[in-house]
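Only one structure is covered here, and it is reproduced in the block below.
Nothing in this text is a laboratory measurement; each read-out follows from the coordinates by a stated rule. What you see is a predicted model; the values in this text were computed from it and never measured. Neighbour counts are summed over all protein chains in view; Cβ atoms, including those assigned to glycine, are modelled from backbone coordinates with ideal geometry.
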């Protein structure tokens, strides 16, 4: 004994085994892992007064101490996996050491300085990096999504819509990573509702998901009723308004804070207005099968669309045309894109095709979308794409020009005539009921070649003019100048 | 077998280190040490002889590879003996942020002692009571050594290990430490001093052991070890031849101015010779003993015998002492 | 039995809080905490998020560096300065010495982390004027304290047999690995393509490595609307895990240190 140490090692080894066993149990767990059935939804009141529902383990069903920390951490709060691309070695080191949030914060501060200087290209990778480092930074997701969707524009402030699938993908990822809170669901819905401004069923889908999350603030909850209207689900909108109004009334009674009362009053006004419009636009009459005689929506109003597109110079187009709606508020969508643009669909694209956040959109493809504003029944807009070769590379051989109008996007004073689903809308030449299933829209398209757009080859001296057969100039005449060559835009009547 | 009445007893105590170049090295080799209770024992040896290694083994700071060792009758490794012993390491360092008083308090707490009066008394004993509120960082080397001795007295130890207690100190500090050590013996403590400062050891130690290259070369009472000196006796009134005729072993006789000088060993019966000379009308002018000094013994021991080769302990047995 | 441990711990604290290198690290940490609010001028919510993230990060980083620097030198310094001999010649067992040193380190760490947390709270309150967020904010440093205690135990265990410099990298490396492996392990377990053998191996490594990632709970505190479910039982679990791991390390350290010739 005296030859070596003075202590008896057996109990010490026993202690080590004991500690190791405990550590093993806590780290890995023993026995069965809890199943989904062992959770229950619990609504909690947060500090800001809102409530939220989270899944909690049912008391007594499983003892957390026996589930293993890593699995319970994973279940309770998944921090996300570590991805390291794009980090500098020191950032990487810090990130690996558990300082991911700090690095994300520092990077986000840096991104902010780029916002100030307008260096938007530098921001994208940072946004991506921050969301990777800290997938719980909702603000970065929301800002990043807005930035990608809205901030890349050409010299004439037209958005680069090639980025929208990426923006949506970022929104979807943000929602996946932050599924307990409403925000990214709402932001993604907003992108559909406001930016894409066409396929409202998707806006409804995301707003409904946001609505399921109890932490959503009341004022934002009201927006879903507008989305329902634009999606043609007017009854659903009314139902929702009633429910929201009821909730807001209770809340205002419980807590007479200014915001609560204001929200109740807003909803009350909106409910009134909606009911009045539903009556005025013959919604109830139509549902009851009563004749719509005497309602503004009947008979359907012919907008008398006509258009002329002149390639005045290489990459410069002038859009002119008529729209027989006297009140202002009409915006006709004009699209010029590669004939083989990936995932293209009439007057748009499959915006939602990607789940990967790809910060490098198809740079060799062209997609221009412009809103033609109608004033005094005419529109006239020059679109100059010559200054932004990165946004409009014109690398394909064939292109498509499209005109599109959806009454669902119309402002209320126009919808008073067209109604929500275009019941009071028609165009004798360009009414289309196919390109948007179950909807009455105006749509027409025509092919145009690269030579025509760039005024090359045969078209160096000739001016391509794309015209609908019914197009008349302001003086009521239809004529070409000497060097102009007409390309017909197909119409119902022509077909 | 546990010998009684010995403060320290080792039998064939061995410590081996492995060296990459030299293979196994016995830093302490089959050490047989015997320290009586109540004596000041000097453990001498050149640097690297194995002095500190031996002390560390006795304190169970390191563990022997072979042999046995007993401290105050308990086998080494028995922690209970640590209540009765104390240790002042070579060139000690104490936590510099503490005051002298705090330092004593800290070390006392390791024994479970909290006795303010004792601390002050000990600081007075080592003459630090005026400086007890100064931090150790403000202490001189001598003061640090003295506070070290004070902490070594906290548990009223029966046995104290002092490793080079006067190392690096000035002559005045030397003297203070020496007086303190002598007072420890008066208090009935056994003091085990490791040192290479022979003049100190010679002045205070009762017995010494000289260790060289891990092996005990000499061990015994200082008086015994230093025996075998020579005596010079100057005679008047006797002839050189008369003295030579006495036939003393290992003697030299020569005539000097004012007499005849005999140089002989202490062991010879000088008294008989003196008596014979007197009765022969001779006269004794002077008797000068030329004692062996510890330094001579030490140098002789360290340089003479290649200790590692000899491996034989030359011990002056108790029985041979007068 | 505990009196010597307490005395050694107290002395260790006294020494630690006077070590200049630690004080400098602490000062830098505090300085960063004070200037942190000036760094981010974003939207109100971003600012809070970034501010919290950075401040907690600073506390964690500073604490980790202090924990390692504090402990790697602890035992080697005692040996080098021979103070350990005086202590071990008293009736003090080696495990008492080791445990005393460890508790001293942890106490010093607690003091320094408390100081930093106070600065955090004060700066945050000055900046945000929002006292309601503070209790939540403090949870992170509390968990970091458990994390750093575990890190200190790792370092003190290694310090019983390796040199300070090696220990610095060893403990630091283990901290990185222990922070990284849990999320990596998660990725591996979730991935369908991982072969079973690799999963088992990963499980093994995940069990052996101290899981420092358990204590990186700052994310739900930084980001609004995030929450750990069963929060208190989770905290309890990881604390028990930490205490058991620390106990294991100290016992293992004692076994090594007891045979060590100092």
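General observations
- Peptide A:13-23 has a mean of 6 when you count, residue by residue, the C-beta atoms of other protein chains within 10 Å of its C-beta.
- Treating r as the C-beta distance of residue A:345 and residue C:203 and R0 as 56 Å, the FRET efficiency rounds to 0.70.
- Rounded if a/c under 1.5, otherwise prolate or oblate - region C:154-234, Cα gyration tensor axes: oblate
- Pairs of Cα atoms nearer than 8 Å and 6+ residues apart set the relative contact order; for chain B it is 19 percent.
- Based on Cα contacts under 8 Å between residues 6+ apart, region A:89-239 shows a relative contact order of 14 percent.
- Inter-chain shielding of A:133-141 (mean C-beta neighbours from other protein chains, 10 Å cut-off): 5
- Between region A:118-164 and region A:336-399, the alpha-carbon center distance in angstrom: 19
- Looking at the protein assembly as shown alone, DSSP beta bridges between its own residues are antiparallel in about 75 percent of cases.
- Peptide ranges B:78-89, A:279-290 listed from the most packed, as the mean C-beta count within 10 angstrom indicates: B:78-89, A:279-290
- Separation of region A:245-280 and region A:438-495, taken as the distance between their Cα centroids, equals 50 angstrom.
- Cα gyration tensor category, rounded, prolate or oblate, for region A:301-489 with a/c compared to 1.5: oblate
- Average beta-carbon neighbours from other chains, 10 Å sphere, peptide B:92-104: 3
- Rounded tilt (10° steps) of B:270-279 against the dominant C-alpha axis of chain B: 30
- Estimated at 0.36 nm per residue, the fully extended path between residue A:24 and residue A:458 surpasses their Cα-Cα distance by 148.4 nm.
- Averaging the Cα positions of each part gives two centres, and for region B:13-89 and region A:409-427 these lie 105 Å apart.
- Gyration tensor (alpha-carbon) shape descriptor, chain C, a/c threshold 1.5: oblate
- Angle of helix C:44-72 to the longest C-alpha principal axis of chain C, folded into 0 to 90 degrees and rounded to 10: 10°.
- Taking the DSSP bridge list for region B:142-233 and keeping only pairs wholly inside it, about 55 percent are antiparallel.
- Relative protection proxy for A:310-316, A:206-212, from highest mean packing down: A:206-212, A:310-316 (other beta-carbon atoms within 10 angstrom).
- Computed helical MRE - 222 nm, the protein assembly as shown, DSSP H runs ≥ 4 contributing -39500 (n - 2.57), nearest 500: -14500 deg cm²/dmol
- Net length gained if the chain between residue B:170 and residue B:251 were fully extended (0.36 nm per residue, minus Cα distance): 24.9 nm
- With contacts taken as Cα pairs under 8 Å at a separation of at least 6 residues, chain C carries a relative contact order of 27 percent.
- Packing-based ranking of B:7-20, C:95-108 yields C:95-108, B:7-20, ordered from highest to lowest mean Cβ neighbour count within 10 Å.
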